[in-house]
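Engineer: Structure provided below as structure tokens; questions to follow.
What follows is calculated from the coordinates using simple rules that are stated; it is not laboratory data. Treat the numbers as computed from the prediction; the structure is a model and nothing was measured. When we count neighbours, we look across all protein chains shown, and the Cβ atoms used for this are built from the backbone with ideal geometry, even at glycine.
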Amino acid sequence: MLRKIFFRTAAVGLGLSFSLLLGEVIVRYKRPQVIGTSLSALDEHLRKVLKPGVKGYKMHPNGYRYTFTHNLQGLRAFKEYLQGRVSWYRILMLGDSFTYGFSVSDNETFPFFLQDICQRQDLSCEVINAGVGGTGTDYALYFFQKLGWKFFPDIAILCFYYNDFFDNSQGAYYIIGRDEKLYEQPLVKTSSLISSIFYKIQNTGWYDFLMKHSHLFCLLKNELSGYLSKSKNKLPGNPERKITPQLIRLTQIYIRALRDHVMRNGSDFLVFYLPDYSEVENFLRQGEVSEYETALRQICESEEIEFFSFNPIFAQLGEKFKSIYLGGDIHFSPYGNALVARHIFDYLKGRISKSKN
């Protein structure tokens, strides 16, 4: 009897191992993933955060590798930032994966390049990178309310990418009342069995091991993360990614609230638009601005917010604009990040040089 149980258990184990191995091979061939150290996670309330105090790497399916460092405050940085008012000029960069610098190393993000330019110009300035991939304007607002204001930046810059319109529809951080006031989502701890297990395993050693070595595990993790991050308040499905009046209004509410919080903290507020590859190409070929950029510009104009688009800047390069983006990835190349930083510096130079030097 024991022998039968042993052989059946062994057969099941071998079958499962073979299935997992086969799945790994198929995923590596059909849908290779970005593998490496886990840089973000869901907290106990299923809200996305950067893992604090982490130093690691990511390997892209196309073959390029990049490294990243998070400080203990959960920001992409080599150092900790002093809270409170300081004697130097502070720039707080808010945004998603473009601001964070997906697919490039720590010293190749545009916040890093901007900091480097200021240092070479002998300007007493500090640039704080508060970008988090896969988040929208609601996260930028949430971050500023919880931590960003404590740095007392002289200026806060929201770096907006077109998919922020859709990320804002997830309802992950706020409930919007009929009066268009924002009410923070209740901090309800994980309750379902799946979400509880997923939350608990993220800090285990084997989780990080699988993130570094298994394409199948990364695929399953990404799919599960997407499922768990969905909210009951999510807007109706929009598979064609068409912008709607509802999305525009929702984004306007978040941007207005962010501006109000920033300005009440004594800081200036700007919105920079980071165009997609196809937006620059269409602007270069047809001279047309995308509906996303148009909508964002109109929001900023109606709210009297300073707005700047990188679309004309990129298009001035002609066909060379393609080098701004990474091949096989939507994000900026090191060259693209350096270009963005240079133009941000040119835009802000007068303010920085008149600051607390």
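Engineer: Arrange the following residues from fewest to most other Cβ atoms within 10 Å of their Cβ: Leu20, Leu258. Each step should come with its number before you reach the end.
Structural biologist: Working: Leu20 13, Leu258 25.
The fewest-first ordering by Cβ neighbours comes to Leu20, Leu258.
Engineer: Could the peptides 162-169, 82-89 be put in order, highest first, of the mean number of other beta-carbon atoms found within 10 Å of their residues? Show your work: numbers first, answer last.
Structural biologist: Details: 162-169: 21.0, 82-89: 12.8.
Listed from highest to lowest mean packing, they are 162-169, 82-89.
Engineer: Zone of Glu306 (label point 7 Å along Cα→Cβ, backbone N under 15 Å): which residues in the range 140-163?
Structural biologist: Under cut-off, by backbone N: 153-159.
Engineer: Between Lys146 and Leu22, take the C-beta separation as r, use R0 = 51 Å, and let me know the FRET efficiency to the nearest 0.05. List each step's numbers first, then the result.
Structural biologist: Values: r = 45 Å, r/R0 = 0.87.
The value I calculate is 0.70.
Engineer: Next question, about the same structure. Which order results if Phe144, Phe18 are arranged by neighbouring Cβ count within 10 Å, fewest first? Let's see the in-between values first.
Structural biologist: Details: Phe144 25, Phe18 10.
Going from sparsest to densest Cβ surroundings: Phe18, Phe144.
Engineer: Take the alpha-carbon centre of the range 128-187, take the same for the range 61-119, and report the distance between them in whole Å.
Structural biologist: Distance between centres, Cα-based: 18 Å.
Engineer: Report, in listed order, any pair from Lys30/Lys212; Lys55/Lys221; Lys146/Lys221 with a Cα-Cα distance greater than 25 Å.
Structural biologist: Pairs exceeding 25 Å: Lys146/Lys221.
Engineer: Could you list Glu281, Glu304, Glu184 in order of exposure, starting from the residue whose Cβ has the fewest other Cβ atoms within 10 Å? Mind showing how you got there, number by number?
Structural biologist: Working: Glu281 16, Glu304 7, Glu184 12.
By the 10 Å Cβ count, ascending: Glu304, Glu184, Glu281.
Engineer: Provide the gained length on full extension for the span Asp268 to Arg178, in nm with one decimal, where the gain is 0.36 nm per separating residue minus the Cα-Cα distance. Don't skip to the end; give the middle numbers.
Structural biologist: Values: separation 90, 0.36 × 90 = 32.40 nm, distance 2.88 nm.
Net length gain for the segment: 29.5 nm.
Engineer: What is the range 23-109 by shape, rounded, prolate or oblate, if you read a ≥ b ≥ c off the alpha carbon gyration tensor as root eigenvalues and call it rounded for a/c under 1.5, prolate for a/b larger than b/c, and oblate otherwise?
Structural biologist: Values: a/c = 2.76, a/b = 1.93, b/c = 1.43.
It comes out prolate by the Cα gyration axes.
Engineer: Could you rank the peptides 51-61, 259-269, 102-112 by their average count of other C-beta atoms within 10 Å per residue, with the highest value first?
Structural biologist: Working: 51-61: 15.4, 259-269: 17.1, 102-112: 22.8.
Answer by packing, highest mean first, reads 102-112, 259-269, 51-61.
Engineer: Points 7 angstrom from Cα along the Cβ direction at Tyr29 and Lys322: gap in nanometres?
Structural biologist: Each label point is offset 7 Å from its Cα along the Cβ direction, giving 3.0 nm.
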